[in-house]
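These notes are about the structure you will find just below.
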Amino acid sequence: MFDVIVIGVGSMGSSACYYLAKKGHKVLGLEQFDIPHERGSHAGQSRIIRKAYFEHPDYVPLLNRAYENWKELETDAQARLYHQTGIAYFGLPGSDIIKGVKLSASLYDIPVESLQPHVIRDRYSMFKLPQGFEALFEADAGFITPEKAVRLYKGQAIKNGAEIHTGEKVIKWKNEGRYIEVITDKNNYHCQKIIITTGAWAGKIIPGFDDKIKVTRQFMAWIKPEKESDFTPANFPCWMIADENKPGCYYGFPFLSSPEFGEPKGLKLAYHYPGKITDPNRVNRETVAGDMETLNYFLYKYLVCGFEKLSEKTCLYANSPDENFIIDKLEENVVIACGFSGHGFKFVSVVGEILADLATKGTTDQPIGFLRASRFEN
Ligand SMILES: Cc1cc2nc3c(=O)[nH]c(=O)nc-3n(C[C@H](O)[C@H](O)[C@H](O)COP(=O)(O)OP(=O)(O)OC[C@H]3O[C@@H](n4cnc5c(N)ncnc54)[C@H](O)[C@@H]3O)c2cc1C
């Protein structure tokens, strides 16, 4: 009998296992693939982390805690995960990104610099920015390395006593009231509580969620710009650009070179907007027509220098209906976290802690009311 079984040990699940084990609970983590792996939502070397959250200011208190908790993991594991490069936001003054960053920054006193046109021209001469574009710079931002974070959470969870099984898929679970039975393709287990963090597979295992979580195929590429030295982390931050003609935004990272960051090498960029709807078990991982064209639109429009494509990858978004996360108790002994909608990784360090508290104490000190599942009930 386990205190808690965590179903899905990817981003959120690995962090939940760590917090549960660290607090002395008897935890079993079940993962259908390896930890980490490339078939879910955490592959691709880098994830942006930033505080002046344009999506919704209510995320800022969670981000303050997330920053603290990333440091806790770095200390425990004696490793570096957060790379502070700052982030530059570009867009028309009326764009959701520029308006949203300013709103969160003013509500929560987050230092964000509004750049004068001559500063934009000097600092970002590698970009051709359309007339009227504004630029904001947030210094306490950068990126986290996702595969390494998941690996370290798993390692630290095991060090603190967690049992973690890879290559074991949960087929179903049954709430028997006094205990929950979890049935996998290898075994049956019993526990007091379960936490379901199955990412793109959420709809397959959380009753009633099949129509709530829309899984989309996302494409990212790594390029080598002609003037590579302009784009190294020392000279170039993370960035987001709101194009006037397209919803969502383009975003990317400085040029990262192995060996510090491993493969793939290059300047990674992607388009943050839900892609084609897919099934997580039947995703086409090959590059298809349209993938690179979407990024070429950006590259030819905004990049001053030439470039060469180095590599590409597909990854999955698990989108909730309003693209905000879902973190809640489904029943008293069943906790769920899903619908991270392509912007969840920076929160992994706080979500794991929240899930551990919801499962073991029934409540959390973090303000997650706006993320409850019941907002979709009518
Ligand atoms: C291309 C791309 C770029 C992104 N960029 C950013 C960014 O810059 N900043 C940011 O903050 N976020 C970003 N994100 C989003 C972020 O990575 C995700 O929100 C986050 O990884 C979701 O975590 P998760 O735990 O829900 O999913 P996952 O990490 O995929 O974990 C779910 C796990 O559950 C396992 N599982 C599923 N079903 C079962 C089962 N039945 N039995 C056992 N195991 C099971 C899966 O195998 C998987 O390992 C990006 C995502 C993508 C795809």
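The values are calculated or read from the model by the stated rules, or taken from the named source; none is laboratory data. Not measured: the values here are computed from a predicted model. Ideal geometry is used to build each Cβ from the backbone, glycine not excepted, and the neighbour counts take in all protein chains shown. To get the accessible areas, we keep the full protein, side chains included, count just its heavy atoms, and leave off ligands, DNA and RNA. Shrake-Rupley method; radii C 1.70, N 1.55, O 1.52, S 1.80 Å.
Screening 159, 193 for residues that are buried (at least 22 other Cβ atoms within 10 Å of the Cβ), over 30 Å from residue 251 (Cβ atoms) and either at pLDDT below 95 or more than 9 Å from the ligand (Cβ to nearest atom) (or both) leaves exactly one candidate, 193. For the range 148-166, the set of residues classified as closer than 19 Å to residue 190 by Cα and small (Gly, Ala, Ser) consists of 161, 162, listed by residue number.
Can you name the residue in the range 323-347 that is away from the ligand (no atom under 15 Å from the Cβ) and in contact with a helix residue (DSSP H, G or I) (Cβ under 9 Å, 6 or more places away or on another chain) and is also least open to solvent (accessible area, probe 1.4 Å) among such residues? Residue satisfying both the conditions and the ranking: 333.
Checking each residue in the range 348-378 for being farther than 21 Å from residue 205 by Cβ, within 13 Å of the ligand (Cβ to nearest atom) and not hydroxyl-bearing (Ser, Thr, Tyr) picks out only 350.
Looking across the range 271-288 at every residue that is open to solvent by less than 100 Å² (accessible area, probe 1.4 Å) and not in a loop (DSSP other than H, G, I, E, B), the one that is nearest to the ligand (Cβ to nearest atom) is identified as 272. Count, please, the residues in the range 135-151 that happen to be in contact (Cβ under 8 Å) with a residue 60 or more places away in the chain and open to solvent by 40 Å² or more (accessible area, probe 1.4 Å). Total meeting the criteria: 3. Of all residues in the range 93-109, those being under 14 Å from residue 130 (Cβ atoms) and open to solvent by 60 Å² or more (accessible area, probe 1.4 Å) number 1. One residue is enough: does the range 192-201 have a residue meeting the conditions small (Gly, Ala, Ser) and either out of contact with any Pro (no Cβ under 9 Å at 6 or more places or on another chain) or closer than 26 Å to residue 301 by Cβ (or both)? Among the residues of the range 192-201, not one is small (Gly, Ala, Ser) and either out of contact with any Pro (no Cβ under 9 Å at 6 or more places or on another chain) or closer than 26 Å to residue 301 by Cβ (or both), which makes the answer no.
Per the listing 20, 30, the residue uniquely crowded, with 22+ Cβ neighbours inside 10 Å, within 7 Å of the ligand (Cβ to nearest atom) and outside the structural domain of residue 110 (by TED's automatic domain parsing) is 30.
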